[in-house]
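Engineer: Can you read through this structure? Questions will come right after.
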C-alpha cells in the first residue's frame, strides 16, 4: 500500500496525528531531502527523490508492503501528489496543513474566498488577479520572488495593495513580513516563501467606458461593439486569446479581464497602436497581455501559444491569410471579426461560413435645450461557424 502524506509546513509541529502514525509504521519513506530529514530518528529505509516517475519505478521494484511518500504542506494544494497518484493504482492520500491555511492563521485573515495562483517554477498572471480579487495567494518557487510580485503590482498601478510574505513557514527562522507593495518592492527574502495580496479596492471591470482608455487618433472598437465581440468569443478563465489589429487595445483589455488564468497576444503593425495597447494594459492592471508590433501573420514569434479565441479588428485586406493561419493551428478556434464596409463583410463571407450581426448604435447629444439622437456607423460582427 502506498500512502501519499502531507507533512504540513515543517514535518514536525504541523503534522497531523494520522500522518505521523502512517510514517511511523511504514516500511520505507520516500521524499525530497527536506521532507525526510525530520524523520531520520525513526531509522527507516529512505529513498531521497522528488521525481514522480523515479518514485514510481522505485515503488514497483522495492518489494515493500507499506510505503509512505512525503509531500510538503497538503497533498491537494499544487502538490506532486496529483501526478504520483496517477501512477499508483493502490494508494491513499493523507491530507496535511496547506501553506495558505497556515499563513492566513498567522496574519489573522480568512481564506474561503481567496484566489490561489501557483508561481512555483513558472510565470503567471499577478496584477490581473490581484486587481479582481480581495485576497490572492501566490505559491512561489523559482524566479518569481516576493520582490518581483511587489514590483509588478507597482508597475501595473497597484502599489497600495497590502502584502503579507511568509518566509520559511513552520521553521525556527520563520518570518512574516507585511506592508504595501510599494514598501516591499525591494524586499530581500529566502527562496522558501509564499505571498498573500490583500486588495480592499478590488474591482471586476466590465463594459469599460470608452472615455476611460488612453487614446489618440488610432481607431478603437467602441464599448457596445466590444461587449458583443467578447460575448461571441466564449472566452474562459484559461483561454488563450489573440487580438489582431489591436489598435488602442480596448478589446485586448476586455479579453484579458475574462481570461485571468490565460493570456492575450495583441498584434498591430502600427508602432503607435503597440504603444497605446501597452499603456492601456498597464492602466487596467492587465499583466496577461503581450503586445507585438507584427504584420500578422507574416512576422510573429513562433513560440506563442495556440489560440482558443481570435478577434480580427484590423486585417489590412488579409482576412483569408489570417483565418488560414489560425485554423492551421487550431481548427476549433473561435474567430470573430468586425467590419464597417461591405467589402470587408464580403471578404469574410468568402473565407468562412459566417453568423452575422449588424449593430446600429444611436447616442443622445445636447443641441441647445433639446436632446437629439446621433447615429453611429453600423458595424457588422462576423463569427465563424465551427463545423
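The values are calculated or read from the model by the stated rules, or taken from the named source; none is laboratory data. Model, not experiment: these values are computed from the prediction. Cβ: placed from backbone, ideal geometry, glycine included. Neighbour counts: every protein chain shown.
Engineer: Quick check on my filter: what residues within the range 263-280 are in contact with a strand residue (DSSP E or B) (Cβ under 9 Å, 6 or more places away or on another chain) and touching a residue at least 60 places away in the same chain (Cβ under 8 Å)?
Structural biologist: Selection gives 263, 280.
Engineer: Hey, another quick one. Could you please give the count of residues in the range 173-194 that are surrounded by 18 or more Cβ atoms within 10 Å (Cβ to Cβ) and either within 19 Å of residue 10 (Cβ to Cβ) or without any contact (Cβ under 8 Å) to a residue 24 or more places away in the chain (or both)?
Structural biologist: 4
Engineer: Every residue in the range 125-162 that is within 20 Å of residue 203 (Cβ to Cβ), in a loop (DSSP other than H, G, I, E, B) and either modelled with pLDDT under 95 or in contact with a helix residue (DSSP H, G or I) (Cβ under 9 Å, 6 or more places away or on another chain) (or both), please.
Structural biologist: Scanning the range 125-162 gives 125, 126, 156, 157, 158, 159, 160, 161.
Engineer: Quick check: is even one residue across the range 271-291 under 20 Å from residue 336 (Cα atoms) and in a loop (DSSP other than H, G, I, E, B)?
Structural biologist: Within the range 271-291 (the criterion being under 20 Å from residue 336 (Cα atoms) and in a loop (DSSP other than H, G, I, E, B)), the answer is no, since none of the residues qualifies.
Engineer: Now for a separate question. Given the options 170, 207, name the one that is modelled with pLDDT under 95, farther than 30 Å from residue 118 by Cβ and part of a loop (DSSP other than H, G, I, E, B).
Structural biologist: Details: 170 fails: farther than 30 Å from residue 118 by Cβ.
The unique qualifying residue is 207.
Engineer: Mind checking which residues of the range 221-249 are surrounded by fewer than 20 Cβ atoms within 10 Å (Cβ to Cβ) and out of contact with any strand residue (DSSP E or B) (no Cβ under 9 Å at 6 or more places or on another chain)?
Structural biologist: Those that are surrounded by fewer than 20 Cβ atoms within 10 Å (Cβ to Cβ) and out of contact with any strand residue (DSSP E or B) (no Cβ under 9 Å at 6 or more places or on another chain): 223, 227, 231, 237, 238.
Engineer: Quick check on residue 307: is it buried (at least 17 other Cβ atoms within 10 Å of the Cβ) and under 30 Å from residue 129 (Cα atoms)? Spell out the reasoning first.
Structural biologist: Details: buried (at least 17 other Cβ atoms within 10 Å of the Cβ): yes; under 30 Å from residue 129 (Cα atoms): yes.
Spelling it out, residue 307 is indeed buried (at least 17 other Cβ atoms within 10 Å of the Cβ) and under 30 Å from residue 129 (Cα atoms).
Engineer: If residue 105 meets every condition in (1) within 22 Å of the chain's Cα centre (by Cα); (2) assigned to a helix (DSSP H, G or I); (3) over 16 Å from residue 52 (Cα atoms) apart from one, which number is that one?
Structural biologist: (1)
Engineer: Here is a list of conditions, (1) free of Cβ contacts under 8 Å to residues at least 40 places away in the same chain; (2) more than 30 Å from the chain's Cα centre (by Cα); (3) within 20 Å of residue 78 (Cβ to Cβ), and residue 15 meets all of them except one; can you say which number that is?
Structural biologist: The one condition residue 15 does not meet is (1).
Engineer: Here is a further query. State which residue pairs qualify: first residue on the phi < 0 side of the Ramachandran plot and surrounded by 20 or more Cβ atoms within 10 Å (Cβ to Cβ) and inside the range 77-93, second residue in a loop (DSSP other than H, G, I, E, B) and modelled with pLDDT of 85 or more in any location, beta carbons under 6 Å apart, and separation of 6 or more residues or different chains.
Structural biologist: Filtered contacts from the range 77-93: 77/98; 81/75; 93/75.
Engineer: Sticking with this one: How many residues are under 18 Å from residue 81 (Cβ atoms), surrounded by fewer than 18 Cβ atoms within 10 Å (Cβ to Cβ) and more than 30 Å from the chain's Cα centre (by Cα) when one looks only at the range 34-53?
Structural biologist: Total meeting the criteria: 2.
Engineer: Name the residues in the range 321-347 that are more than 22 Å from residue 304 (Cβ to Cβ) and in contact with a helix residue (DSSP H, G or I) (Cβ under 6 Å, 6 or more places away or on another chain), would you? Talk me through it step by step, then tell me what you get.
Structural biologist: Here is the first cut: in the range 321-347, the ones more than 22 Å from residue 304 (Cβ to Cβ) are 338-347.
339, 347, listed by residue number.
Engineer: Being touching a strand residue (DSSP E or B) at 6+ places or on another chain (Cβ under 6 Å), assigned to a loop (DSSP other than H, G, I, E, B), in contact (Cβ under 8 Å) with a residue 24 or more places away in the chain and surrounded by fewer than 21 Cβ atoms within 10 Å (Cβ to Cβ), is that true of even one residue in the range 56-76?
Structural biologist: Checking the range 56-76: at least one residue is touching a strand residue (DSSP E or B) at 6+ places or on another chain (Cβ under 6 Å), assigned to a loop (DSSP other than H, G, I, E, B), in contact (Cβ under 8 Å) with a residue 24 or more places away in the chain and surrounded by fewer than 21 Cβ atoms within 10 Å (Cβ to Cβ).
Engineer: Only one of 298, 325, 292 is at pLDDT below 90 and assigned by TED's automatic domain parsing to the domain that holds residue 214; which? Please lay out each step first, then the result.
Structural biologist: Working: 325 fails: at pLDDT below 90; 292 fails: at pLDDT below 90.
Only one candidate qualifies: 298.
Engineer: Which members of the range 44-55 meet the condition of being in a helix (DSSP H, G or I) and within 16 Å of residue 5 (Cβ to Cβ)?
Structural biologist: Listed by number, the residues that qualify are 52, 55.
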